[in-house]
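Shown next, in structure tokens, is the structure this report addresses.
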Amino acid sequence: MKPSRLYLALVMLASLLGLAAASAQTSPRPPWAAPPVTAQNGQALPTREQTHVYLLRGLFGVFSEGMDSLAKELISKGYTCEIYGWDEAEKVVAHITGRAAAGHTGPVVLIGHSLGANAVIQVATDVNQQSIPISLGVTFDATEPPPVPENVAIFINFWAKDGFGRPVSAVPGFTGQLENYDLSGIPGIDHTSIDARDQFHQFIIASLESMTAK
């Protein structure tokens, strides 16, 4: 089996940063397996427009400029993308559940920074009650992360030991893929800049492109 584009993106990112990913939870899915959203029974991959990406900013919405620039880039590439404050998590849950009830079956992606990263996991937990899957979750320096719920297929956490970031863990029985990237000690990376690095944005874009068609 050929490596998936997501796995290759992870390898390239780790090589670029000189890091080893610490898997908080292992998965029966080998790391080179295809991402969770794939064409089946001759059906086409979901389009970028059908892929709903929700980004959540951190405190006051002013310390997460990387979320804004990432949102603009994703929109320019055709993804359905919306950005919220960390304290608007309930609104995000309402949008996801409402759109699922209306028939949306495309990938749901959650991305957040700082308090917005904590909120990402809470949103995933809340929509899990409606059996709504999350294809990809990405967090930057989650500060007090709850455990990742079992409805998340792939979860990536970028964090640094600068007094704010923490590694994330998952609920018992989690069968997805969870990776923690410890960026501590890398020059130029701290709590207020971690979400703005272009190599992380390109990793997210590569991950999305691995599971969608244009």
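The values are calculated or read from the model by the stated rules, or taken from the named source; none is laboratory data. What you see is a predicted model, and the numbers here were worked out from it, not measured in a lab. When we count neighbours, we look across all protein chains shown, and the Cβ atoms used for this are built from the backbone with ideal geometry, even at glycine. The protein model used for the area step is the full one, side chains on, heavy atoms only, and it has no ligands, DNA or RNA in it. Shrake-Rupley method; radii C 1.70, N 1.55, O 1.52, S 1.80 Å.
A few points about this structure:
- Within the accessible area of the range 116-188 (1.4 Å probe), percent carbon and sulfur: 52
- When all protein chains stay in place and ligands, DNA and RNA are ignored, the 1.4 Å accessible-area order of 86, 159, largest first, is 86, 159.
- For residue 170, distant residues with modelled amide H under 5 Å away: 148
- Peptides 105-116, 140-151 ordered by packing proxy, namely the average of other Cβ atoms within 10 Å per residue, highest first: 105-116, 140-151.
- For the pair residue 99 and residue 193, a Förster radius of 25 Å applied to the C-beta separation gives a FRET efficiency near 0.15, rounded to the nearest 0.05.
- Here the 3J(HN,Hα) profile of the range 83-95, calculated from phi with Karplus coefficients 6.51, -1.76 and 1.60 at θ = phi - 60°, is 10, 9, x, 4, 7, 9, 4, 5, 5, 4, 4, 5, 5 Hz, Gly and Pro shown as x.
- Karplus-based coupling profile of the range 70-76, in residue order and whole Hz: 5, 4, 4, 5, 5, 4, 5, with θ = phi - 60° in 6.51 cos²θ - 1.76 cosθ + 1.60 and x standing for Gly or Pro.
- Rolling a 1.4 angstrom probe over the protein heavy atoms with all chains in place gives the range 136-175 an accessible area of 36 Å² per residue.
- Applying 1/(1 + (r/R0)^6) with r as the Cβ-Cβ distance of residue 44 and residue 76 and R0 = 25 angstrom yields a FRET efficiency of 0.65.
- Interchain or long-range residues, amide H under 5 Å from residue 155's placed H: 137, 177, 178, 179
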